[in-house]
Amino acid sequence: MSSGSDPFPAWFTALEARHLSRLTFAEVRRGLQALSALYVDRGKRLGTGAALEGSGKRAAFALFYAPLHFLLVRDVVRALGAGEAGPRSIVDLGCGTGTAAAAWAVESGSGCRVSGVDRSGWAVAEARWNYRALGVRGRALRGDLSKTALPGRGSGILAAYTVNELDDAARVSLLERLLAAARRGARVLVVEPIARRPFPWWETWSAGFRAAGGRDDSWRFPVDLPGRLRLLDRAARLDHRELTGRSLWLT
């Protein structure tokens, strides 16, 4: 586990300056409200298609959801002990803005390097900026996660807020590839939200991970959000006094 100081406060301050230099807080708030409507009313996953069309929604994703992903994954990594004797490298499948893998890397120490892949050019550029701002060694590339080589011993593989966005065939293939990587010695972490309706694929994945010696957890962590994040939380009619999620973990 990292013994350095917490990089989150300084990073979030820089993140605010980055996005509020381009848009007003009111514009970001409207973007977040539009994102929330897409997610709740249409059942679309954040980070795909229409969810990131327009500067307001992109800024809202970067300034609101990315910090929440960092905080949740950091707590999950700490609870699992996933950063102890941490992986030397992490492959982040569907990296988005990069903050989930960055959280794992921060907990794993300064020697850990992240390689992110995502189909969105905007997300890849944001991930690169976040790596630098968080002091994480890493790179992000635009690409297809189904064609990304998976490492073995000494490495970590992360799929955070990614698996539910795949079609059925891609999901089946990815599960097989992740279990094979774990047999070669990789540590595999899957993180998804706790949804109102259960994901139909989760039980299959959970059974696969548990049969291989892994675990399936649901999490609730208390959180004290920074002021601007609390304002956005209220704007989206949310109440993040707790961070919630579920994970699959296999070593």
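The values are calculated or read from the model by the stated rules, or taken from the named source; none is laboratory data. Please read these numbers as outputs of a predicted model, since none were measured by experiment. Counting neighbours? That spans all protein chains shown, and the Cβs are built from the backbone with ideal geometry, glycine included.
For the reader, a short list of remarks on this structure follows.
- Residue check for Pro226: in contact with a Pro (Cβ under 8 Å, 6 or more places away or on another chain) and more than 21 Å from Glu84 (Cα to Cα): yes
- Residues located in the stretch 185-213, provided they are over 14 Å from Asn164 (Cβ atoms) and touching a Ser or Thr at 6+ places or on another chain (Cβ under 9 Å): Gly185, Ala186, Arg187, Val188, Leu189, Gly213
- Here Asp144, Asp216 are screened, and the one residue that is within 21 Å of Glu84 (Cβ to Cβ) and in contact with a strand residue (DSSP E or B) (Cβ under 8 Å, 6 or more places away or on another chain) is Asp216.
- Of everything listed in (1) touching a strand residue (DSSP E or B) at 6+ places or on another chain (Cβ under 9 Å); (2) of a type in the set (Gly, Ala, Ser); (3) surrounded by fewer than 17 Cβ atoms within 10 Å (Cβ to Cβ), the single unmet condition for Ala169 is (1).
- Conditions (1) touching a helix residue (DSSP H, G or I) at 6+ places or on another chain (Cβ under 8 Å); (2) under 23 Å from Ala59 (Cα atoms): number failed by Arg132: (1)
- Residue in the stretch 127-147 that is assigned to a strand (DSSP E or B), more than 20 Å from Gly214 (Cα to Cα) and among the polar types (S, T, N, Q) present: no
Yes or no, residue by residue, for (1) under 23 Å from Val114 (Cβ atoms); (2) of a type outside the set (A, V, I, L, M); (3) surrounded by fewer than 17 Cβ atoms within 10 Å (Cβ to Cβ):
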site: Leu225; (1), (2), (3): no, no, no
site: Arg230; (1), (2), (3): no, yes, yes
site: Ala236; (1), (2), (3): no, no, no
site: Glu242; (1), (2), (3): no, yes, yes
site: Ser247; (1), (2), (3): yes, yes, no
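- Test set (1) touching a Pro at 6+ places or on another chain (Cβ under 9 Å); (2) of a type outside the set (Val, Ile, Thr); (3) at pLDDT below 95 - Ser36 fails condition number: (1)
- Here is the figure for the stretch 222-251: residues that are in contact (Cβ under 8 Å) with a residue 12 or more places away in the chain, under 23 Å from Phe8 (Cβ atoms) and not in a strand (DSSP E or B) total 13.
- Taken as a whole, the condition of being within 18 Å of the chain's Cα centre (by Cα) and charged (D, E, K, R) applies to Glu242.
- Output for the stretch 192-221, where each listed residue is part of a helix (DSSP H, G or I) and not basic (Lys, Arg): Trp202, Glu203, Thr204, Trp205, Ser206, Ala207, Gly208, Phe209, Ala211
- Test for Val136: is it of a type in the set (Val, Ile, Thr) and within 28 Å of Arg88 (Cβ to Cβ): yes
- For beta carbons closer than 6 Å, sequence separation of 6+ or different chains, a first residue in the stretch 141-155 that is among the small types (Gly, Ala, Ser) and a second that is assigned to a loop (DSSP other than H, G, I, E, B), the qualifying pairs are Gly152/Arg184; Gly152/Gly185; Gly152/Ala186; Gly154/Arg88; Ser155/Pro87; Ser155/Ala186.
- Residue that is surrounded by the most Cβ atoms within 10 Å (Cβ to Cβ) [pool: residues in the stretch 179-202 that are at pLDDT 95 or above and of a type in the set (D, E, K, R)]: Arg187
- Whether a residue is at pLDDT 95 or above and either of a type in the set (A, V, I, L, M, F, W, C) or out of contact with any helix residue (DSSP H, G or I) (no Cβ under 7 Å at 6 or more places or on another chain) (or both) was assessed, and Arg230 does not pass this test.
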